[in-house]
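Colleague: Quick one: the structure is below, questions incoming.
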Amino acid sequence: MKHWIEAARLRTLPLSVSGIIVGSFFALSRPTEEILTPTQVFSWPIFSLLLLTTIGLQVLSNFANDYGDGMKGTDNDDRVGPKRAIQSGAITPKAMKRALFITSFATFLIAATLVYKAFHFDYFYYSLLFLALGILAIASAIRYTVGKGAYGYKGYGDVFVFVFFGLVSTFGSYFMFTKEFNAVLLLPASAIGFLSVGVLNLNNMRDEASDRKAGKNTIVVKMGGAKAKIYHYFLLITAMIFVLIFAALNDFHIDQYLFVLAYIPIIWHIVTVSKNKDPKTLDPELKKLALSTFLLSVLLALCIIYFLSDIFVNNN
């Protein structure tokens with residue numbers, strides 16, 4: 001069990017649910033024309049299923065990464081980060097492959113339950129759309145490093161992370177509550193996406209030398225370490241700007257800018273990366289950036305539901 005917990009990489013789970021938190025609580029603060037009260041918009045069962053589905057996808061992605069890199073020989077003695085399960089021999093490839101099937105099936109069942117809970121039979125086409133997204137997300141999580149055409153080896157991992165852990169996670173959770181889109185949500189959704197890509201980019205900067213040697217052509221391998229740092233700054237700074245614009249567009253009061261506290265560790269992280277000379281020492285920054293992103297999502301969610309006081313007053 002210890003080895004399976006390590007293979008699941010629990011430190012990545014808070015990051016994966018950041019978009020769910022922002023999208024869900026934005027829905028809580030934004031009743032639709034048909035639904036007048038926040039308690040009718042928000043549903044704890046749906047929120048719980050959203051979290052479980054996203055965690056399932058993240059664990060599946062981690063298992064698939066372990067299996068794919070292990071079978072390709074990318075995880076070897078040249079790798080800087082912690083030893084993976086297959087690399088160390090703690091888990092056999094056969095057992096990990098079986099775990100991929102089990103995790104995929106379990107995640108699909110949770111996702112299907114979520115879709116039914118959110119739409120029932122009243123929104124048939126929405127149900128089909130989100131079931132298709134669920135299947136695509138599961139397939140994408142596996143194909144990141146598994147198989148000959150693994151897109152993570154071609155530099156497309158950043159796109160997957162941005163789309164599924166940024167846009168789909170945030171917009172999808174909001175839509176499941178409200179059954180509508182809100183364009184302004186693109187700002188925090190993109191911000192969460194950029195920060196999530198930043199974690200992946202940091203991982204790829206750390207592993208640049210071993211990935212290049214193993215033929216894993218990540219964006220960092222393609223552009224080189226120096227440009228990867230600039231790319232990293234762009235991702236994080238743009239994310240922070242997007243959230244500030246989101247706050248301004250929603251007329252946040254001065255006390256609703258509490259979320260900027262999460263900028264402190266992010267800015268400190270940027271300074272640390274800018275001074276870094278040895279990519280091997282970047283590993284501790286992965287956890288720091290992931291937790292900073294989670295902190296930002298929680299603080300932003302708290303600031304968003306500040307609107308609830310006004311909503312309750314207006315409804316009463």
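The values are calculated or read from the model by the stated rules, or taken from the named source; none is laboratory data. Quick caveat: nothing in here was measured; it's all calculated off a predicted structure. Cβ coordinates were reconstructed from backbone atoms using ideal geometry, including for glycine residues, and neighbour counts include every protein chain displayed. Ligands, DNA and RNA are excluded from the accessible area calculation, which covers all protein heavy atoms including side chains. Shrake-Rupley method; radii C 1.70, N 1.55, O 1.52, S 1.80 Å.
Colleague: Only sites in a loop by DSSP and with at most 15 other Cβ atoms within 10 Å count here; which trypsin sites (Lys or Arg not before Pro) in segment 129-232 make the cut?
Modeller: Answer by residue number: LYS148.
Colleague: Whenever you get a sec, compute what percent of the accessible area on segment 93-233 sits on carbon and sulfur atoms (1.4 Å probe).
Modeller: Result for segment 93-233: 71 percent of the exposed heavy-atom area is carbon or sulfur.
Colleague: For the chain, which longest stretch is free of loop sites, where a loop site is one of the chymotrypsin sites (Phe, Trp or Tyr not before Pro) that DSSP puts outside H, G, I, E and B and that has at most 13 other Cβ atoms within 10 Å?
Modeller: Excluding the exposed sites themselves, the longest stretch runs over 182-316.
Colleague: Between 0 and 90 degrees, rounded to the nearest ten: what's the tilt of helix 18-28 against the longest Cα principal axis of the chain?
Modeller: In the chain, helix 18-28 runs at an angle near 10 degrees to the longest axis.
Colleague: A follow-up question, please. Between VAL260, LEU167, ASN217, whose Cα lies farthest towards the positive end of the dipole of segment 162-286 when Lys and Arg beta carbons carry +1 and Asp and Glu beta carbons carry -1, centred on the Cα centre?
Modeller: So the residue furthest toward the plus end is ASN217.
Colleague: So, one more: Taking 23 Å as the cut-off for C-alpha to C-alpha distance, list the pairs among LYS222/LYS277; LYS94/LYS117; LYS72/LYS97 that go past it.
Modeller: LYS94/LYS117
Colleague: Treating only the Cβ atoms of Lys and Arg (+1) and Asp and Glu (-1) as charged, compute the dipole magnitude of segment 239-296 about its Cα centre; round to the nearest 20 debye.
Modeller: 320
Colleague: Would segment 93-242 count as rounded, prolate or oblate if I go by the C-alpha gyration tensor, calling it rounded below 1.5 in a/c and otherwise prolate when a/b exceeds b/c, oblate otherwise?
Modeller: Oblate shape, in that a/c is at least 1.5 and b/c is the bigger or equal ratio.
Colleague: If you line up the Cα atoms of segment 79-168 on their principal axes, what length do they span on each, largest first, in Å?
Modeller: 50, 28, 23
Colleague: Can you give the charge dipole size of the chain about its Cα centre, rounded to the nearest 20 debye, using +1 on the beta carbon of Lys and Arg and -1 on the beta carbon of Asp and Glu?
Modeller: Approximately 1400 debye in magnitude.
Colleague: Mind grabbing the base-10 log of I(q)/I(0) for the chain at q = 0.11, 0.13 Å⁻¹? Debye formula, identical points on the C-alpha positions, no solvent, two decimal places.
Modeller: Log10 I(q)/I(0), no solvent term: -0.69, -0.94.
Colleague: Compute the angle between helix 225-249 and the longest alpha-carbon principal axis of the chain, please, reported from 0 to 90 degrees and rounded to the nearest 10.
Modeller: 10
Colleague: From the square roots a ≥ b ≥ c of the eigenvalues of the alpha-carbon gyration tensor of segment 108-153, which class results: rounded (a/c under 1.5), prolate (a/b over b/c), or oblate?
Modeller: prolate
Colleague: OK, next. Considering the Cα trace of segment 179-280, what is its radius of gyration and what is Dmax, both in angstroms?
Modeller: Taking only Cα atoms of segment 179-280, I get Rg and Dmax of 16.2, 52 Å.
Colleague: How large is the accessible surface per residue of segment 149-267, computed with a 1.4 Å probe and reported in Å² as a whole number?
Modeller: Using a 1.4 Å probe on heavy atoms only, each residue of segment 149-267 averages 38 Å².
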